[in-house]
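The values are calculated or read from the model by the stated rules, or taken from the named source; none is laboratory data. Bear in mind that the values here come from a model prediction, so they are computed numbers and not experimental data. Note: ideal-geometry Cβ built from the backbone for every residue, glycine included; neighbour counts use all protein chains shown.
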Amino acid sequence: MVPRPKPSAVLVWVDNGLSIAFILLGIFWVYRMKGLRWFALSIVLIQLWILMGVGFMTGMALSGDWL
């Protein structure tokens, strides 16, 4: 039986940092677009939904624990 490798702490921090950066950037752009906030919010929510799926797959790849 092969032992599971431990995920790199740096890569886990980078993955979490990028997720937080995307959320903060989405909040910034929704705030910035005064006349079209509904449109900006819908685009940001779609992007964050896709980002959640990508983050889930990235977390599985970093931890080596696949479903």
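Results, tabulated for the structure shown:
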{"read-out": "Pair list, Cβ under 7 Å, 6 or more apart: region 54-67 residue closer than 16 Å to Ala9 by Cα, other residue β-branched (Val, Ile, Thr)", "value": "Leu62/Val12"}
{"read-out": "Residue among Leu67, Leu62 that is within 30 Å of Arg4 (Cα to Cα) and surrounded by 15 or more Cβ atoms within 10 Å (Cβ to Cβ)", "value": "Leu62"}
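Rundown of residues vs (1) loosely packed, with under 14 Cβ neighbours inside 10 Å; (2) modelled with pLDDT of 90 or more, yes/no style:
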position	(1), (2)
Met1	yes, no
Leu24	yes, yes
Tyr31	yes, yes
Phe39	yes, yes
Val44	no, yes
Ile50	yes, yes
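Residue-wise test of (1) in contact with a Leu (Cβ under 7 Å, 6 or more places away or on another chain); (2) of a type in the set (A, V, I, L, M, F, W, C); (3) in a helix (DSSP H, G or I).
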{"site": "Arg4", "(1), (2), (3)": "no, no, no"}
{"site": "Gly17", "(1), (2), (3)": "no, no, yes"}
{"site": "Ala21", "(1), (2), (3)": "no, yes, yes"}
{"site": "Val30", "(1), (2), (3)": "yes, yes, yes"}
{"site": "Leu41", "(1), (2), (3)": "no, yes, yes"}
{"site": "Trp49", "(1), (2), (3)": "no, yes, yes"}
{"site": "Val54", "(1), (2), (3)": "no, yes, yes"}
